[in-house]
1. What residues qualify as long-range amide H neighbours of Gln73, i.e. H under 5 Å apart, gap of 5 or more or another chain, H built at 1.01 Å from N?
2. Which of the peptides 35-46, 163-174 is most tightly packed, and how do the rest follow, going by the mean number of other Cβ atoms within 10 Å of each residue?
3. Given H placed 1.01 Å from N in the peptide plane, which residues other than close sequence neighbours of Val184 have an amide H under 5 Å from its amide H?
4. Taking springs between alpha-carbon atoms closer than 10 angstrom, which of Gly134, Gly89, Gly28 fluctuates most in the Gaussian network model of the chain?
5. Using θ = phi - 60° and the Karplus form 6.51 cos²θ - 1.76 cosθ + 1.60, what ³J(HN,Hα) does each residue of the stretch 43-55 get, whole Hz, x for Gly and Pro?
6. Check Thr149: other-chain or 5+ apart residues with amide H under 5 Å from its amide H, H built from backbone geometry?
7. Which of the lysines could a cross-linker bridge to Lys188, judged by Cα under 21 Å and excluding same-chain residues fewer than eight apart?
8. Once you've got the GNM for the chain with C-alpha springs shorter than 10 Å, pick whichever of Arg21, Arg30, Arg88 has the biggest mean-square fluctuation.
Amino acid sequence: MTQPTRDELERAFAELERIHRTHLVPHGVRLPAPGSARAFQLAVLWHWRDRPVHKNEISEIVRRELPDAAPDQQVRHLKRDGWNITGRGSHQLADPYRPSPEFANEQARRRGRLDASTFDELKAAFGNRCATCGAVEGEPDPRYGGGTTVLDQGHQDPAKPADDPANIIPQCANCNRQYKDDFVFDDKGRAYAVHGINPVRRASKAVQRRILDYLRETLEGET
């Protein structure tokens, strides 16, 4: 099948811009910058919207327009931006008239969290699950077993006020006890930074040396 020309891709993207303004802006879905790899991915999918498009076709066209682009274009990442990309295996379709289910669910969770005024409402925003391991309140803990899951008020950042609602995430008693005040969590309950010294103490000597070298390099000259 003949590849779309640059003009055809630009027309497809212009049409997507119009659809986006009407159907996706209200949901918070962002439009990729014109001329970016993701913009070309969408344009290719919309140009051939009547059939699933193989990811290799998309990658080839994106590389034609952007020679420095990655050889394997990860079209599925558009879902995280809110674009409803469907299909099976390596063949993809774009439906620009509604946000992706993953994005819509995440937005609903965020709205629920922002609107929560009680811990019960906050737990509901997380589906009554531990934000860190996913254990469901009232059900057996899939990792530890031995009793039903109880959700505690965990803290995203131990350095911030414990009574700040914006600093609270639901964590099962096991995760809350295991992580203690050693880590900082993002708003999805994933540990992304060290807060205490205990994880460093438990690390192997090789890791401790790498940490020491990093600190010497980054903190050199500071008092």
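1. Ser59
2. Put in order of decreasing packing, that is 35-46, 163-174.
3. Tyr192, Ala193, Val194, His195
4. In the Gaussian network model the winner is Gly89.
5. 4, 5, 4, 6, 4, 9, 5, 8, 8, x, 10, 6, 4
6. Answer set, sorted by chain and number: Gly138, Glu139, Asp141.
7. By straight Cα distance, Lys188 reaches Lys79, Lys123, Lys160, Lys180.
8. Comparing Arg21, Arg30, Arg88 in the GNM, the peak value goes to Arg88.
Coordinate-derived values only; no laboratory data. Everything numeric in this text was worked out from a predicted model, so none of it was measured. All Cβ positions, glycine included, derive from the backbone under ideal geometry; neighbour counts span all protein chains shown.
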